[in-house]
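Here the structure comes first, spelled out in structure tokens, and everything after it is commentary.
The values are calculated or read from the model by the stated rules, or taken from the named source; none is laboratory data. Computed from a prediction, not measured in an experiment: that's the story for all the values here. Note that we place each Cβ from the backbone using ideal geometry, even for glycine, and neighbour counts take in every protein chain shown.
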Amino acid sequence: MTSQGWKDTRKQVLAVLSLLLLFFSFPLYSGQAQAASVTITNGPVWNDTTGGTIQAHGGSVIKVGSTYYWFGEDKLHNAASFRNVVCYSSTDLKNWKWVSYPLKPSSNTELANSKVERPKVIYNESTSKYVMWMHYENASDYSLGRVAVATSDTVSGSYTYQGSFRPLGYESRDMTIFKDDDGSAYLISASNSGGGANDSLASFKLTDDYLGVSTFLGWVAPSGHREAPEVAKQGGKYFLITSGASGWYPNQAKYMTASSMSGPWSALQNLGNSSAFFSQSNYILPVQGTSATTYIYMGNRWNSSLLGDSRYIWLPLTLSGSAGTASLEWQSSWGIDAATGVVTLPALTNLSAGKSATASSSASGYEASRANDGNYQTEWKASAVTWPSWWQVDLGATKTVKEVDISWFLYNGSEAYHQYTIQYSTNGTTWTTIDRTSNTTYGFTTDTVNFSARYVRINLVNAVLWNNPNNWYTPTLYEVKLLGN
């Protein structure tokens with residue numbers, strides 16, 4: 001081949017390679033961008049990639065490389081006893097693949113007749129071990145108050161059970177593990193400071209190998225009866241989120257802040273609504289993306305009569321270390337891009353916010369306007385224990401409503417649910433009714449609707465206190481949000 005021929009051939013080859021590169025790279029990039037953001041939907045059953053229900057209750061998530069691993073309790077047998085710790089994997093936080101049972105009752109004789117709750121997994125760089133911490137009890141009750149530890153060379157492999165114990169002799173029930181930026185790790189658990197089980201939280205520093213506890217750091221929220229602790233760090237500030245102690249029933253989530261894991265911790269502050277949107281704190285997942293770091297509140301919506309059907313509530317959690325504040329808002333569905341960390345919220349407006357409200361009656365200082373003022377801690381209350389009662393808002397013009405979110409009166413998991421109807425009208429005279437008197441959801445309800453109206457009325461038909469046949473509640477609403485456009 002002549003020199004000129006070789007040059008021509010080389011140009012042709014380079015041209016073809018350039019076209020191939022353009023052909024393959026552009027669609028691939030475009031497809032990845034379109035598929036990057038996924039939708040998290042709260043409320044329905046979540047299934048894994050095989051179609052089975054995800055059984056990862058009370059668990060945690062750890063990221064290894066570009067893959068997230070979700071560990072949790074297997075409750076498919078609908079009982080509190082230990083069945084398995086389950087591991088799922090995902091690269092987008094939406095599509096979860098079943099991977100393994102890292103810990104089973106057959107892993108150790110001590111696990112054969114037990115309860116294993118809230119598994120948390122962290123990685124120890126110095127020992128090259130993945131370490132799982134859990135709340136451990138016997139199968140019959142909660143008298144042991146122990147932690148348990150297991151280790152593995154791989155994140156989703158078979159874990160070797162190391163045993164159970166009370167950390168430095170202290171009781172330990174609901175617990176979490178937090179690994180700091182410097183590699184130090186900490187245990188916070190519901191304990192007993194002298195006022196009974198779970199009366200206070202205990203804080204500990206772990207040993208360097210993460211297999212034990214080296215130091216008792218002190219009592220947190222003493223006599224506060226807090227449980228379900230979870231920790232995150234933002235802007236140099238530590239955030240500790242907890243629930244109240246009310247069994248399987250939801251209650252007001254609260255948070256504290258500190259400049260050190262050794263404390264001191266701030267006073268308890270309310271987070272979200274009176275029922276944490278019918279959930280209990282489970283884990284705080286940081287998603288460190290290329291554009292943003294997002295924090296996800298992972299909650300459990302427990303179903304005590306059918307534990308395997310307990311749902312997962314994941315919500316964007318806003319943390320500000322500089323201000324020392326945390327906020328949590330309900331989203332029926334929202335988007336997350338695990339690569340960039342960017343959150344996308346639905347394009348819906350709270351149509352009822354600040355609009356004129358009236359009620360069948362109002363107690364002094366508890367006006368109807370308090371139920372649509374945007375504050376979960378203020379409420380409208382009827383003037384007497386009169387059922388049914390009603391609350392109504394005038395949207396000012398006919399609007400299209402897509403969702404009705406109601407934060408009901410709930411006192412520290414008081415085990416009551418509300419039966420109600422939603423009525424809507426364009427003229428305030430002719431009404432259409434949506435019957436929700438079959439509701440059995442505690443503390444917070446969200447109804448997907450599609451109607452056009454100027455006036456919307458919530459009829460409080462009854463409150464059912466299952467452990468108290470006499471309804472002594474005064475009709476009360478903390479917040480009504482009508483989402484739409």
So which residues in the range 300-319 are closer than 21 Å to VAL231 by Cβ, touching a Lys or Arg at 6+ places or on another chain (Cβ under 9 Å) and not hydrophobic (A, V, I, L, M, F, W, C), if there are any at all? ASN300, TYR312
Please find, within the range 458-478, the residue that is modelled with the lowest pLDDT out of those that are surrounded by fewer than 12 Cβ atoms within 10 Å (Cβ to Cβ) and among the polar types (S, T, N, Q). ASN467
One residue is enough: does the range 95-110 have a residue meeting the conditions touching a helix residue (DSSP H, G or I) at 6+ places or on another chain (Cβ under 6 Å) and in contact (Cβ under 8 Å) with a residue 12 or more places away in the chain? yes
What are the pairs with Cβ atoms under 6 angstrom where one residue, in the range 376-389, is in contact (Cβ under 8 Å) with a residue 60 or more places away in the chain and the other, located anywhere, is basic (Lys, Arg) and not in a loop (DSSP other than H, G, I, E, B)? Sequence gap at least six, or different chains. THR378/ARG370; GLU379/ARG370; TRP380/ARG370
Here are some residues: SER143, SER128, SER164. Which one is hydroxyl-bearing (Ser, Thr, Tyr) and buried (at least 18 other Cβ atoms within 10 Å of the Cβ)? SER164
Out of the range 347-365, which residues are touching a residue at least 24 places away in the same chain (Cβ under 8 Å) and either part of a loop (DSSP other than H, G, I, E, B) or closer than 26 Å to LYS254 by Cβ (or both)? ALA347, LEU348, ASN350, LEU351, SER352, ALA353, LYS355, SER360, SER361, ALA363
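To keep it simple, each residue is scored yes or no on (1) in a strand (DSSP E or B); (2) modelled with pLDDT of 95 or more; (3) on the phi > 0 side of the Ramachandran plot; (4) among the polar types (S, T, N, Q).
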| residue | (1), (2), (3), (4) |
| --- | --- |
| LEU240 | yes, yes, no, no |
| TYR249 | no, no, no, no |
| ASN273 | no, yes, no, yes |
| VAL287 | yes, yes, no, no |
| ILE296 | yes, yes, no, no |
| ILE313 | yes, yes, no, no |
| THR318 | yes, yes, no, yes |
| SER322 | no, yes, no, yes |
